[in-house]
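What follows is a single structure, written as structure tokens, with notes after it.
The values are calculated or read from the model by the stated rules, or taken from the named source; none is laboratory data. Only a predicted model underlies this, so the values are computations on that prediction, with no experimental measurement involved. Cβ coordinates were reconstructed from backbone atoms using ideal geometry, including for glycine residues, and neighbour counts include every protein chain displayed.
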Amino acid sequence: NAGVTQTPKFRILKIGQSMTLQCTQDMNHNYMYWYRQDPGMGLKLIYYSVGAGITDKGEVPNGYNVSRSTTEDFPLRLELAAPSQTSVYFCASSYYRGPPYNEQFFGPGTRLTVL
Amino acid sequence: AQSVTQLDSHVSVSEGTPVLLRCNYSSSYSPSLFWYVQHPNKGLQLLLKYTSAATLVKGINGFEAEFKKSETSFHLTKPSAHMSDAAEYFCVVSDENDKIIFGKGTRLHILP
């Protein structure tokens, strides 16, 4: 199993550009998540999905969009990139959202810089 | 409201000495608690988890944590630090609404 994979690993965007961060998991997990990590701030939840076709906002959704057309894929879309979106983005998945099988499996991250 | 506090942003220990990373949580419910480790430029990896079974939880790489409800703590320990333990560690709580809350992280430095 590859687990959770993310592409690209690095990206530099200009202000106002858009891009899609890709996330795929091969564990047949229903739950998928997008986080951003800023230095000294831990991880903040952007969006999550409880299954194909169902998504919901997390703590910091502004400036982002998601879709979940399949169980495996959960892309994150940035429209009109802004310097405040410079961060490291992590995708994660879990079998359940509640205990006891709610540990999350993380991808390697995408480091995004907006200039 | 649920919250998790990691009491130290940085901890330095010498190789071969014990490690203690402190985590306190606030929850009106019996929570799930996790410790994750993040090595530089890597994703997060689960070290261990507590889900209302045994209060002393053993994880990977010799780490363990004890759930103490009376102290609302879930401190991470290891008897003898190794250079490869240098990383950032996150304490995470899952509340009754299955909301996941991350602590801000503790960076562990290992001195030779």
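Some points to look at:
- Pairing each residue of the range A:96-110 that is part of a loop (DSSP other than H, G, I, E, B) and among the polar types (S, T, N, Q) with any residue that is modelled with pLDDT of 80 or more and surrounded by fewer than 17 Cβ atoms within 10 Å (Cβ to Cβ), provided the two are 6+ apart or on different chains, yields C-beta distances under 7 Å for A:102/A:96.
- Failed condition for residue B:60, given (1) farther than 24 Å from residue A:40 by Cα; (2) more than 11 Å from every other protein chain (Cβ to nearest Cβ); (3) buried (at least 19 other Cβ atoms within 10 Å of the Cβ): (3)
- Within the range B:63-94, restricting attention to residues that are modelled with pLDDT under 95 and crowded, with 21+ Cβ neighbours inside 10 Å, the residue that is farthest from the other protein chains (Cβ to nearest Cβ) is B:67.
- Within the range B:71-93, residues that are more than 26 Å from residue B:3 (Cα to Cα) sit with their Cβ atoms under 6 Å from residues that are modelled with pLDDT of 95 or more and charged (D, E, K, R), at 6+ positions apart or across chains, in these pairs: B:81/B:15; B:83/B:15.
- Residue among A:84, A:69 that alone is more than 20 Å from residue B:43 (Cα to Cα), assigned to a loop (DSSP other than H, G, I, E, B) and either more than 11 Å from the chain's Cα centre (by Cα) or more than 9 Å from every other protein chain (Cβ to nearest Cβ) (or both): A:69
- Consider the range A:18-49 and keep the residues that are aliphatic (A, V, I, L, M) and not in a strand (DSSP E or B). The one that is modelled with the highest pLDDT is A:27.
- Complete set of residues in the range A:22-39 that are surrounded by fewer than 19 Cβ atoms within 10 Å (Cβ to Cβ) and either in contact with a Gly (Cβ under 9 Å, 6 or more places away or on another chain) or of a type in the set (Phe, Trp, Tyr) (or both): A:26, A:27, A:30
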